């Protein structure tokens, strides 16, 4: 399994093309936060609280959210939202690199999501979830890449049923845009996320 230093080497200095930033709800950002845990290198996740009108209600997600009026860049959105949601202060020395931006097509058409990777050295402080977060927890990369935890998440959309690739994390299921971001991250650092047969849509190489 990869180390934090390996991840830094693979990602540091990476640049991407970013769309011009506008501080409005159509722009959002998340933080992929890594730390060394008891089971190896781990990623921070949240379980979003159940909330009417939230298309990601009760989903497993990375800390983050939509841009607000005072934001000046996508990375600022990710860092502000992480502080508000789980009480982790992301500083300049924690930042590693951006990942490719993602256009949200099905759930929130017109939204663009910007992901950023961070590393916390040493023992991270305990999470302090706010009202938007039902749980916050760490999941090891070893678990996320273990085929034993891969499954299909069946979802009905516009009268049709689809089976999306997913990962079981404790009592929860990680799927959707969070799974897509995890897949991109894993490929960038030389890991493989298992994809169950019959998944829709198949990952783009």
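Taken together, the values in this text are just the output of simple stated rules run on the coordinates, not laboratory data. The structure presented is a predicted model; accordingly, all values stated were derived computationally and were not measured. A quick note on method: Cβ atoms are made from the backbone with ideal geometry, for glycine too, and the neighbour counts reach across all protein chains shown.
Using the basic label-point model (7 angstrom from Cα toward the beta carbon), what is the residue 76 to residue 197 distance in nanometres?
Here the modelled spin labels are 5.1 nm apart.
Counting alpha carbon pairs within less than 8 Å and at least 6 residues apart, what relative contact order, in whole percent, applies to the stretch 124-201?
Relative contact order for the stretch 124-201 comes out at 27 percent.
Would you mind computing, in nm to one decimal, how far apart the modelled labels at residue 105 and residue 171 are, each placed 7 Å from Cα along Cα→Cβ?
Reported label-point gap for residue 105 and residue 171 is 3.5 nm.
Show me 55-64, 157-166, 95-104, 17-26 ranked by packing, highest mean number of other Cβ atoms within 10 Å first.
The densest-packed peptide leads the list: 55-64, 95-104, 157-166, 17-26.
Any chance you could run the full-extension gain for residue 146 through residue 84? It's 0.36 nm times the residue separation minus the Cα-Cα distance, nm to one decimal.
Contour length minus the Cα-Cα distance gives 19.2 nm.
First measure r as the distance between the Cβ atoms of residue 52 and residue 16, then evaluate 1/(1 + (r/R0)^6) with R0 = 25 Å and state the FRET efficiency to the nearest 0.05.
Once rounded, the FRET efficiency stands at 0.15.
Relative contact order for the stretch 4-141 using alpha-carbon pairs under 8 Å, separation at least 6, rounded to a whole percent?
Computed over the stretch 4-141, the figure is 34 percent.
If each of residue 121 and residue 23 carries a label point 7 Å out from its Cα toward its Cβ, how far apart are those two points in nm?
With each label placed 7 Å out from Cα toward Cβ, I get 3.3 nm.
Between residue 93 and residue 134, what is 0.36 nm times their sequence separation minus the Cα-Cα distance? Round to one decimal in nm.
Full extension from residue 93 to residue 134 adds 11.9 nm.
Hey, could you get me the Stokes-Einstein D for the stretch 4-141, Kirkwood radius over alpha-carbon pairs, 4 °C and 1.567 mPa s, rounded to whole µm² s⁻¹?
For these conditions, the coefficient is 84 µm²/s.
What does the extension gain come out to for residue 188 and residue 154, with contour length at 0.36 nm per residue minus their alpha carbon separation?
Length difference between fully extended and current span is 9.5 nm.
Taking the Cβ of each residue in 143, 51 as the centre, tally the other Cβ atoms inside 10 Å and list the residues starting with the fewest.
Least to most surrounded, the residues fall as 51, 143.
At 222 nm, what value in deg cm²/dmol follows for the chain if DSSP H runs of at least 4 each add -39500 (n - 2.57) and the sum is divided by all its residues, to the nearest 500?
-5000 deg cm²/dmol
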